[in-house]
Amino acid sequence: MTKFVALLRGINVGGHKKIKMADLKEVAGKCGLSDVQHYVQSGNLVFSGKGTPDAVAGKLEKACERTFGFPVDIMVLSEDEFRQEVAACPFADGSSPKGELDPKFLQLAFLKGMPDSAHIEALFEAYEGPEMVRLVGRTIHIYFTEGSGRSKLTPLLTDKKLGVPATARNWNTVQKLLAMLDD
């Protein structure tokens, strides 16, 4: 059995695409996943199962659409993949404009696939700062120097602009998911 992290995109935001975590855990169990834990209401799961991350994501997506009546993009990473993506964060060592890590300003946008170079070039050409942004692996690491609320970067992180779905998690959530993997 492999441990996985699943990140659901766009659920329970502004009253749209509502999914209760107890119902989501039940759906995951029916997909053959075990030891299912969730963190907050935005769709973060840690569980054990068999198969590749893409196969597990496909199963979960089909089961969620069948159960809840709407499609949901789900990014699934194996424990090793998740740990590697987090460990690769270029800002976690405090190399930010403030000289130390302020977790409320750091987010990781996990991508469902690898965007092609044309999409990445267009993203970085359209972007003028002040955020610090790095694509490492299949994750965009973002240090929002002035917070994410009014950032001009956030609207650029769409499926159309990236060519693949993405879902972001703040550094505190990422750390909690790592702790759940250790349980």
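The values are calculated or read from the model by the stated rules, or taken from the named source; none is laboratory data. Just so you know, these numbers come straight off a predicted model, no measurement behind them. Using ideal geometry, Cβ is built from the backbone for each residue, glycine included, and neighbour counts are taken over all protein chains shown. Surface areas here come from the heavy atoms of the whole protein model, side chains and all, with no ligands, DNA or RNA. Shrake-Rupley method; radii C 1.70, N 1.55, O 1.52, S 1.80 Å.
At a glance:
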{"quantity": "Selection count where residues are open to solvent by less than 40 Å² (accessible area, probe 1.4 Å) and either in contact with a Leu (Cβ under 8 Å, 6 or more places away or on another chain) or not hydroxyl-bearing (Ser, Thr, Tyr) (or both), scope the range 138-156", "calculated": "9"}
{"quantity": "Qualifying positions in the range 39-57 - under 15 Å from the mean Cα position of the chain (by Cα) and open to solvent by 70 Å² or more (accessible area, probe 1.4 Å)", "calculated": "41, 54"}
{"quantity": "The listed residue being over 27 Å from residue 83 (Cβ atoms) and touching a helix residue (DSSP H, G or I) at 6+ places or on another chain (Cβ under 8 Å), out of 156, 177, 135", "calculated": "156"}
{"quantity": "Residue within the range 71-83 that is of a type in the set (Gly, Ala, Ser), out of contact with any Pro (no Cβ under 6 Å at 6 or more places or on another chain) and either farther than 21 Å from residue 169 by Cβ or open to solvent by less than 40 Å² (accessible area, probe 1.4 Å) (or both) present", "calculated": "no"}
{"quantity": "Candidate set: the range 19-31, residues that are open to solvent by 40 Å² or more (accessible area, probe 1.4 Å) and touching a residue at least 24 places away in the same chain (Cβ under 8 Å); chosen: the one nearest to residue 167 (Cα to Cα)", "calculated": "23"}
{"quantity": "Residue match in the range 159-182 (condition: polar (S, T, N, Q) and free of Cβ contacts under 8 Å to residues at least 60 places away in the same chain)", "calculated": "no"}
{"quantity": "Given (1) open to solvent by less than 40 Å² (accessible area, probe 1.4 Å); (2) more than 25 Å from residue 182 (Cα to Cα); (3) not aromatic (Phe, Trp, Tyr), number of the condition residue 65 does not satisfy", "calculated": "(1)"}
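Residue-by-condition table, conditions (1) more than 13 Å from the chain's Cα centre (by Cα); (2) part of a helix (DSSP H, G or I):
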position	(1), (2)
67	yes, yes
70	yes, no
81	no, yes
101	yes, no
113	no, no
118	yes, yes
130	yes, no
135	yes, no
